[in-house]
1. Arg955 versus (1) under 26 Å from Arg204 (Cα atoms); (2) touching a helix residue (DSSP H, G or I) at 6+ places or on another chain (Cβ under 8 Å); (3) open to solvent by 60 Å² or more (accessible area, probe 1.4 Å): which is the lone unmet condition?
2. List every residue pair whose Cβ atoms lie under 8 Å apart, where the two residues are 6 or more positions apart in sequence or sit on different chains, the first residue falls within region 857-879 and is in contact (Cβ under 8 Å) with a residue 60 or more places away in the chain and under 18 Å from Ser420 (Cβ atoms), and the second residue, located anywhere, is acidic (Asp, Glu) and buried (at least 23 other Cβ atoms within 10 Å of the Cβ).
3. Conditions first: (1) among the hydroxyl-bearing types (Ser, Thr, Tyr); (2) under 26 Å from Asn901 (Cβ atoms); (3) surrounded by 22 or more Cβ atoms within 10 Å (Cβ to Cβ). Ser513 passes all but one, so which condition is the exception?
4. How about region 953-972: which of its residues are charged (D, E, K, R) and outside any loop (DSSP other than H, G, I, E, B)?
5. Could you tell me which residue of region 185-218 is surrounded by the fewest Cβ atoms within 10 Å (Cβ to Cβ), considering only residues that are part of a helix (DSSP H, G or I) and among the charged types (D, E, K, R)?
6. Determine if region 663-681 includes at least one residue that is surrounded by fewer than 23 Cβ atoms within 10 Å (Cβ to Cβ), outside the structural domain of Ser740 (by TED's automatic domain parsing) and of a type in the set (Gly, Ala, Ser).
7. Could you say which residue among Val772, Val804, Val821 is of a type outside the set (S, T, N, Q), open to solvent by less than 50 Å² (accessible area, probe 1.4 Å), in contact with a strand residue (DSSP E or B) (Cβ under 9 Å, 6 or more places away or on another chain) and touching a residue at least 60 places away in the same chain (Cβ under 8 Å)?
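The values are calculated or read from the model by the stated rules, or taken from the named source; none is laboratory data. Quick caveat: nothing in here was measured; it's all calculated off a predicted structure. Note that we place each Cβ from the backbone using ideal geometry, even for glycine, and neighbour counts take in every protein chain shown. For the accessible areas, the whole protein counts, side chains as well, though only heavy atoms, and no ligand, DNA or RNA atoms are used. Shrake-Rupley method; radii C 1.70, N 1.55, O 1.52, S 1.80 Å.
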Amino acid sequence: MSDKLSRRGFLKGGVLATGLIHADRARAQDDGVISNTENLSKTKATLEESGKAAKDQSSQEHVWNSKTQIDTWINLQPKNFEVSAEDLSLDMLRSSGLTSCKKACGQGVCGACTVHLDGVPVNSCLLPATALHKKEVTTLEAYLEKPHPLQLAFLEEDALQCGFCTPGFLMEGIHFVDHWRERFGNSSPSREKIAEAMSGHICRCGAYEGIFKAIERTCRGELDAAAEQGKQAANRTRVDGWEKVSGTAKYTVDHQFPGMLHTAVLRAPHANAQIDKISTQKALRAPGVEASYLALMEGAKIRFFGQSIMAIAAQTEQQAKDALEMVEVTYIIKSPVVGIKQAMSKDAPLVYQEDEQNNTPSAAEGGTFPAKWNRNVRGPVKMHFFAKPKKAEDILLNLRGDAPLHNEGKVSYINSKYTSQAQCHSSLEPHACIAHWQEKTDGVFVDVWYSTQAVFITAQDIAERWEIPIERVKVHAQYVGGGFGAKATPQAELLYAIEMSKQAKKPVKVVWSREEELIVGGFRPATEVELETAATTSELQAISMNAFSDSGVAIGGAIGILPRILYPEVPKKLLDWDVLTHGPAGRPFRGPGGPAALWALEQNIDQAAVDLGLDPIEARLLWDKDPIRQRLYRWAMGLDIWKLRNSKSAAGRSERYLRGIGAAISAWPYFLNPKTQIELRSNGVGGFVARTSTQDIGQGVRSVISVAICEKMGINAADLDVVVGVSDAPMGPPSGGSQSTASVTPAAEDAASELMMLMTDLAESELGLQEVKCIFKKGKGGIKHSEGFLSWSELSELLGSLTVMGRRRRDDGGYKINMGVFAWGKAQPAGLQIYEVEIDRQTGKVRPLQGWLGIAAGRIVVPQLAKSQALGGMIQGISYALYEERLFDPNTGRHLSMDLNDYKILGLGDLPMLHVHFDHTSLDSVEGGACGIAELTTIASAAALGNAFYNACGRRVYDLPLRPDRILKVLS
């Protein structure tokens with residue numbers, strides 16, 4: 001096995017992102033990363049993980065081997081099980097193949113595990129299996145043959161994205177709908193009633209608006225007739241929608257294989273320590289243990305709470321956990337560095353020694369720029385390339401120390417400091433991997449089922465890391481339960497699964513718990529941004545930003561990129577610093593750096609407009625000449641909510657409540673994979689199959705490919721199968737940076753054109769048809785010839801199986817940057833958000849009432865799914881601005897946000913009325929006409945809410961999230 005690093009950063013960007021050093025290197029005691037290279041405190045603490053004393057083995061076996069027979073009815077079928085007192089209903093149901101109920105939080109908070117017990121919704125993750133005795137259980141699989149109308153309504157309203165939470169929502173919703181109609185007939189419940197009924201459910205993708213509408217329509221009986229027709233009536237706009245609403249979609253966590261081993265991971269209880277001694281012999285001899293992976297050896301450094309030390313694979317998950325209790329570890333404990341302020345102090349402990357700084361993991365979506373180190377601070381990285389930084393500095397230097405001038409024609413100078421919190425990705429499907437290492441007579445073969453945003457890159461990394469021919473590696477990710485950037489690169493769960501499968505010669509499954517997911521599953525870095533702006537009524541004169549990112553033990557904060565894109569003619573000085581702390585490694589999160597950048601920039605711009613007596617959107621119209629954003633400014637100024645902004649704010653004020661309306665602009669680079677290919681095959685029996693090695697994480701890439709091909713050829717979607725999520729298909733893009741749609745749309749259209757040309761040529765040369773002409777008519781595409789007409793499906797049957805390859809052709813005019821498998825295009829998509837908020841002066845609660853999002857990203861390939869993605873992005877942005885905050889103990893570095901009770905995510909009851917507008921004007925030179933929108937939809941939400949807050953009360957809030965305690969302090 002090679003120890004070299006992958007060129008795509010398998011170890012640097014993935015495994016080391018959790019602070020790991022694989023065992024081969026850990027055994028080399030002279031390796032600076034893991035050896036004792038500094039004077040350590042002699043204070044020692046001994047802790048035998050998960051309890052100081054291991055349980056008596058015979059007593060342990062007695063507890064876990066005590067079984068009880070239960071008899072139950074599941075989906076009207078009699079069943080009997082042998083269970084222990086500790087077994088949970090969810091685990092029992094899933095182990096029997098009923099995987100529609102999901103294990104996402106394990107604490108009854110998210111609702112993904114919901115089933116019916118004697119007709120009543122329950123959280124099966126909390127319910128002992130013994131409670132099912134003599135009871136009737138219903139799971140979503142009960143509706144496979146005859147769908148409930150609510151399932152079809154979910155498809156009609158696109159009330160889902162990744163689909164992981166969907167079965168739980170449906171089981172709760174079915175109960176609500178049926179009981180509502182029994183009492184009130186075919187009438188619509190209020191949104192408040194629906195929100196109350198669904199309050200125990202979380203959708204991380206933010207599909208709430210569709211869920212509201214689906215439940216409303218089903219309560220009115222609008223889908224009853226369709227349900228009588230069965231699943232044939234299902235709306236297929238979202239190509240994989242039926243599989244998700246029926247519970248038949250299989251995610252990585254759902255797969256089970258004969259002989260599969262289950263894993264538990266020993267994690268460090270300290271944020272800054274060194275492993276003094278470690279003893280694993282007892283654990284390796286424990287019942288059921290068949291493989292292990294020692295991530296850190298004696299002498300290795302612990303750099304954050306929760307860092308992996310050892311993984312154990314056993315026949316059951318409980319056996320693996322029991323074995324970990326027998327691992328004995330002695331630590332030398334040191335004081336941790338927690339937060340930006342402490343890390344930047346002169347006497348702060350070093351997170352990395354100088355000779356260790358080249359081994360830092362990356363929190364960036366792409367690569368990282370080189371920069372100098374000064375103790376725990378790395379930077380600055382200059383993001384102001386070609387932006388006249390000296391001119392910006394000269395302008396601002398003349399204004400520093402002067403108070404802002406408010407008279408028209410004078411300069412508004414603003415110097416402010418903004419902070420934002422760490423936000424956990426917390427996808428409902430946790431990080432998960434199953435690996436099966438097989439040694440056959442003709443070589444090693446590795447199959448991996450992986451919850452990933454990059455199947456093709458993962459397969460390449462596996463082949464390189466373990467020196468296996470790429471054709472013997474296959475990565476599967478047919479369904480992925482969310483990612484948002486946290487699953488963009490291979491990580492520790494993959495390493496553990498493969499290494500332990502290699503040992504055991506069996507499939508090995510590694511799944512993070514919700515607690516592990518919140519600790520090491522990824523987060524958006526916390527930030528501090530110092531921002532200066534200067535403006536007059538006629539121009540924005542200068543921008544200067546110093547941005548500091550806390551990505552824990554990782555580097556790669558990139559806040560300055562968006563200010564570089566926006567207001568392009570303005571002189572700018574933009575500097576980024578990484579501040580290293582004893583925390584888990586950050587990961588790229590939907591629009592990396594964007595929310596923090598706009599939280600600062602767009603509030604300063606808004607304040608400058610106020611200082612100068614300008615309407616905030618009119619000011620942007622004056623100061624930002626980008627034609628795409630100009631269209632959005634004019635759209636926003638035409639909205640009634642904006643035209644009546646000041647009167648609505650005044651009318652909404654009372655002794656207790658304040659109301660305000662604010663806006664913010666956003667931009668995101670047009671990214672793509674120029675090497676994307678799509679294989680299109682005519683199967684010889686009237687159908688077609690498209691294949692590419694991308695993955696659908698909920699953004700709807702299957703549907704984008706389907707629409708692009710079907711519209712080009714004039715065939716029906718029912719005649720086309722779209723296969724994604726397998727690495728042995730032609731190269732597809734990773735799902736990140738809004739590059740999926742921009743990459744696959746032109747490749748799919750090219751494949752369709754190639755197949756039509758081939759079939760047309762063969763119709764003449766092989767079938768002898770004359771006067772052949774292609775016909776492009778929706779649902780009726782084919783060829784017209786001298787003797788009649790043949791559809792493409794009919795022609796497929798006559799010509800037999802044919803295969804062509806479509807590719808993503810080059811944009812006219814090329815790209816700003818082209819790195820082969822990644823490019824930054826010349827077009828500049830944009831977004832604009834407006835929110836109306838209500839502020840409770842007594843409680844400090846900020847409540848969004850309405851929101852608007854305008855998007856200018858060229859062609860919208862699948863409008864319904866694009867709208868769902870846009871709404872979900874707004875919801876994630878609101879959740880970030882108001883609720884989400886990852887907390888640490890400032891003294892110990894211990895993670896305090898341990899579950900979804902502690903880490904608040906926006907739910908249905910928090911949802912304002914949201915509206916989406918697409919500007920369909922084409923973007924010059926974009927092949928296929930379409931750019932991605934995922935980042936544009938979320939990065940400006942916090943800034944728009946901050947500006948709405950100011951409009952309501954005349955005071956700025958500079959710190960995220962907008963917690964009640966902070967709001968009360970600002971108002972007082």
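1. (1)
2. Partner pairs satisfying both residue conditions: Gly873/Glu935.
3. Exception for Ser513: condition (3).
4. Residues of region 953-972 that are charged (D, E, K, R), as a first pass: 955-956, 959, 963, 965-966, 969.
Hits for region 953-972 are Asp959, Asp965, Arg966, Lys969.
5. At the first step, the residues of region 185-218 found to be part of a helix (DSSP H, G or I) are 191-197, 208-218.
Checking the rest, the ones that are also among the charged types (D, E, K, R) come to 191-193, 196, 209, 213, 216-217.
Numbers: Arg191: 16, Glu192: 10, Lys193: 15, Glu196: 13, Glu209: 23, Lys213: 18, Glu216: 19, Arg217: 20.
Filtering first and then ranking leaves Glu192.
6. Checked region 663-681: no residue is surrounded by fewer than 23 Cβ atoms within 10 Å (Cβ to Cβ), outside the structural domain of Ser740 (by TED's automatic domain parsing) and of a type in the set (Gly, Ala, Ser).
7. Details: Val772 fails: touching a residue at least 60 places away in the same chain (Cβ under 8 Å); Val821 fails: open to solvent by less than 50 Å² (accessible area, probe 1.4 Å).
The unique qualifying residue is Val804.
The rows are residues; the columns are (1) out of contact with any His (no Cβ under 9 Å at 6 or more places or on another chain); (2) of a type in the set (Lys, Arg); (3) within 30 Å of Gly560 (Cα to Cα).
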residue: Trp668; (1), (2), (3): yes, no, yes
residue: Arg681; (1), (2), (3): yes, yes, no
residue: Ile715; (1), (2), (3): yes, no, no
residue: Val726; (1), (2), (3): no, no, no
